[in-house]
1. Compute the projected area of the convex hull of the Cα atoms of the range 203-291, averaged over all viewing directions, and report it in nm² to one decimal place.
2. Can you tell me what the convex hull of the Cα atoms of the range 127-229 projects to on average, as an area in nm²?
3. Given the Cα-Cα distance of residue 47 and residue 88 and 0.36 nm per residue of separation, how much length would full extension add, in nm?
4. If R₀ is 56 angstrom, what is the calculated FRET efficiency for the pair residue 214 and residue 189, using the beta carbon separation as r and rounding to 0.05?
5. In the range 79-153, if every C-alpha pair distance is counted and binned at 10 Å from zero, what percent goes to each bin?
6. Using only the C-alpha atoms of the range 10-70, find the volume of their convex hull and express it per residue in Å³.
7. For the range 72-204, what percent of Cα pairs sit more than 27 Å apart?
8. Consider just the alpha-carbon atoms of the chain and return their Rg together with their Dmax, both in angstrom.
């Protein structure tokens, strides 16, 4: 049995922790944000800060591979998502109207998923995780500890140093700190080579508004989840508890469309699009929420055939993050754990 320390208590960090614990390892999660787990999904939506997750109140979508992973590895998490109000969603519901034969076929279950708002998803996952493993909220890490190298010239990470001066040892450190991970600087501080990093601004601004149905029924899909137009795109995602999100994605260089931060301008644009206007048929539960400066990034922790350090790996958005409108982050992070996570003690890229 290995002692494993996971830095970051978001969706990927907690899912990784639970799967490793069920493999027989001793796992602890350190989460920088100090707020305790709320008492209900609605409280999580209304007041859970999660300041370390910039996209916490932006739209999220769990693709079908996540649902398959939950069935095989974390069935109690799937049950918690259902109890929290997350919905079962069929991706085939977004088929174009020209596809008239909607008869179910063998294997169509692979298009089913369970999804909801990020706050509800994380609430449900955390409620299970905190019953299984120590999740220490309000613990901040400032750097890495090293010990005897296992390979010549390559630092071996043996633990972390917290901001209050404590030194915590572990057999393996997992960086699940998301887009804001400071791992490259920490590696450089222990005289490891920096990982190879490819990054660029995605060049988009997201203007999102959440709605709630008075009847609990979600609007019908008349087009795909993500629809491209000439100068903007629409992203419409189902939520939990009768909610949904409508996002207009524009180029960050389009000065005219930046007026969409005004709710009236935003609503006028949505209402002018026949396949999307009906998504306004609900009660707005937020103003227009904007997100910009999103980085597409990929880090490789192997250089010249050798890892930059041993004893530490990076998962989820701290390893690779993509355009959020495609909703791949949680899916990639969770799937990578099931394919590559068991028994690895060196960084991977």
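Where a number appears in this text, it was derived from the coordinates with a stated rule and is not lab data. For clarity, every value in this text was computed on a predicted model and none was experimentally measured. Ideal geometry is used to build each Cβ from the backbone, glycine not excepted, and the neighbour counts take in all protein chains shown.
1. Average projection, Cα convex hull of the range 203-291: 5.4 nm².
2. 12.6
3. 12.2 nm
4. Between residue 214 and residue 189 the formula returns 0.55.
5. 14, 24, 22, 17, 15, 7, 1
6. In the range 10-70, the Cα convex hull volume per residue is 113 Å³.
7. 51
8. In order Rg, Dmax, the Cα atoms of the chain give 21.2, 65 Å.
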